[in-house]
Amino acid sequence: MLREAEAQTPDRVRREYADSYREMRAAGYTAVGEFHYLGLDEARAAAEAAEEAGVELVLLLAAYGRGGLPRMRQESVAGYLRQVEELRDAGVRVGLAPHSVRACPRDWLEEIGRYRDEHALPLHVHADEQPREIEECLVEHGCRPIELLDRAGCLGSRTTVVHATHADGAELDLLEESGATVCACPTTEADLADGFLPAARLEHRGIPLCIGSDSNVRIDPFEELRELEGIGRRQTGRRGVFGTERLLRYGTVEGARSIGVDAWPDVEIALEHPSLRGVSEEHLPDALVAGCGADVVRAG
């Protein structure tokens, strides 16, 4: 992955991101929060690619104080925020993205949290994705990742915690109290053997959820939503943990809210698709979530 990232150029990003965004658009993703690691010129190229592909884009510029590749890192948190300002001045819709508690020291998290509050921007951050990350956070800070985000002022209603796979009860309580959202990426989390979301515990607390395609193992929003429900069913031993209406909100309204988007293009469903043969209009939402893939989205 890092070798591939190192090989990126603005021209390559402009070309290949447009292809990926078109593929996502055809699968039903019409708004994208792009967690961007590759640098300022490449960020501008990503914005151009999204415009070409017809998707609503929010550029979540990643903050890296340490780790990763040199091209991913900024020399200071002030330098990072200057990059954010440059994109905003250029008319790019942006969000803040301290990569993780591993990549950002506490003072970076505190400054980015303050900037979020001052400018009312969305903030996305990876947390509790892997056990090792939690162990390292406990050693360095004496608390778990979501607890650190809370202490640093990064939680709140504009914050989305990506993954939260290994969040414990106290951390889930913090998410509930702060109004933060969780972005789950079930097909990626399965592919990386990272574990699975504590879905039933989030549902019990009413914590907002949205979905991410993340590594694009599968570009299929219906599969991501179906996996959320499947995880919840396995955890509780009952059906209908979330229900169709809530799952579709996670894939639309909640996802848009997490990146600060008020409007996004609709998708059209190919009602003649074999997966929908014999399905009445009233049962169409249930059929989409329970048994369809992205190929039911009509290309356009």
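The values are calculated or read from the model by the stated rules, or taken from the named source; none is laboratory data. Everything quoted here is computed from the prediction, not taken from an experiment. Cβ sites come from the backbone with ideal geometry, for glycine too, and all protein chains shown count toward neighbours.
Numerical summary
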read-out: Identity of the residue in the stretch 17-50, among the small types (Gly, Ala, Ser) and within 14 Å of the chain's Cα centre (by Cα), that ends up farthest from GLY68 (Cα to Cα); value: ALA31
read-out: Any hit, the stretch 221-236, residues being touching a strand residue (DSSP E or B) at 6+ places or on another chain (Cβ under 8 Å), of a type in the set (A, V, I, L, M) and modelled with pLDDT of 95 or more; value: yes
read-out: In the stretch 272-295, the residues that are of a type in the set (A, V, I, L, M, F, W, C) and either without any contact (Cβ under 8 Å) to a residue 40 or more places away in the chain or in contact with a Cys (Cβ under 6 Å, 6 or more places away or on another chain) (or both); value: LEU276, VAL279, LEU284, ALA287
read-out: Meets criteria (outside any helix (DSSP H, G or I), closer than 14 Å to PHE35 by Cβ and in contact (Cβ under 8 Å) with a residue 24 or more places away in the chain) for VAL161; value: yes
read-out: Subset of the stretch 200-224 (residues that are touching a residue at least 40 places away in the same chain (Cβ under 8 Å) and more than 16 Å from the chain's Cα centre (by Cα)); value: ALA200
read-out: ARG3 vs. criteria at pLDDT below 95, more than 20 Å from THR252 (Cβ to Cβ) and out of contact with any strand residue (DSSP E or B) (no Cβ under 9 Å at 6 or more places or on another chain); value: yes
read-out: Pairs with Cβ under 6 Å, 6+ apart, first in the stretch 249-271 and under 13 Å from THR30 (Cα atoms), second part of a loop (DSSP other than H, G, I, E, B); value: ALA256/TRP264; ILE259/PRO122; TRP264/THR30; PRO265/THR30; VAL267/GLY28; GLU268/ARG298
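Residues are listed down the side, and each one gets a yes or a no for (1) assigned to a helix (DSSP H, G or I); (2) buried (at least 24 other Cβ atoms within 10 Å of the Cβ):
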site	(1), (2)
LEU121	no, no
HIS124	no, yes
GLU135	yes, no
GLU140	yes, no
ILE146	yes, yes
